[in-house]
Amino acid sequence: MSSTDTADEIVEIGLSPPKKRAKKRHFDASTKEMILNIYKCEVNEKPGSTVNDVAIKVANKSGVLEENSVIVLDNAPYHSRKMEKIPTSGWKKSDIQDWLRSNQIKFDDCLLKVELLAIVNEHKKIIDKMAKSQNKIVLRLPPYHCELNPIELIWADMKNYVAEKNTTFKFQDMKTIFFEAVGTITAQKWKNCIQHVQNNIEQKMWDLDNIIEIHVKPLIINVGEDSSTSEWDDESE
């Protein structure tokens, strides 16, 4: 998660930073421990809670996210959970219409089932709604491109640390090791991960995109012309 305190990081994931820059601030050990403790408390209070249910609340309580902060998410299904059960292709058309009416979503009665489902899919996602209500911005990465998120490098580093230190395989010991792993994530390490994504991954994708745009010719199909018939006629003559 990037806040207005880390405007350079926002630039490095492709967004324009806020015009008014605040003083840079990074996580320290006490902040990270506080976030983990708050998260534990929230989950214990609400059994069955997901990361998304408490992520923004945790960040706000710890003072990490400020106004107009940017939250970077990949497209994992649990990052796009709807606020309630929504219609699927298995629903009857009448049930879909009832659902749209109950949510005060306008639609034309003559629409086909597939068209009604298209309207349903536009229904706001819970994490986006939570963020918007607190003046936060959700930036979703392209599908299947988790390598664009520096957090993947952090997770890999932490998991390797836990794997090396975890010799007893007891939950309490593993929990202690995990907190130690969190403590190894310094501001400089996070900055290095961001720079790696920007310089070694994002830039390569931009270069590839430019190459494709230059060398791949557009495919133009003239509607109404039957080329195969014309060629056959020419050969016949």
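The values are calculated or read from the model by the stated rules, or taken from the named source; none is laboratory data. The model shown is predicted, which means the values in this text are computed figures rather than measured ones. Quick reminder, even Gly has a Cβ in these numbers, built from the backbone with ideal geometry, and neighbours come from all protein chains shown.
Name the residue, out of SER102, SER69, that is at pLDDT 75 or above and out of contact with any strand residue (DSSP E or B) (no Cβ under 6 Å at 6 or more places or on another chain). Break it down stepwise before answering.
Numbers: SER69 fails: out of contact with any strand residue (DSSP E or B) (no Cβ under 6 Å at 6 or more places or on another chain).
None of the others qualify; the one that does is SER102.
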Q: Taking GLU202 as the residue in question, decide whether it is touching a helix residue (DSSP H, G or I) at 6+ places or on another chain (Cβ under 9 Å), surrounded by 14 or more Cβ atoms within 10 Å (Cβ to Cβ) and of a type in the set (Asp, Glu).
A: yes
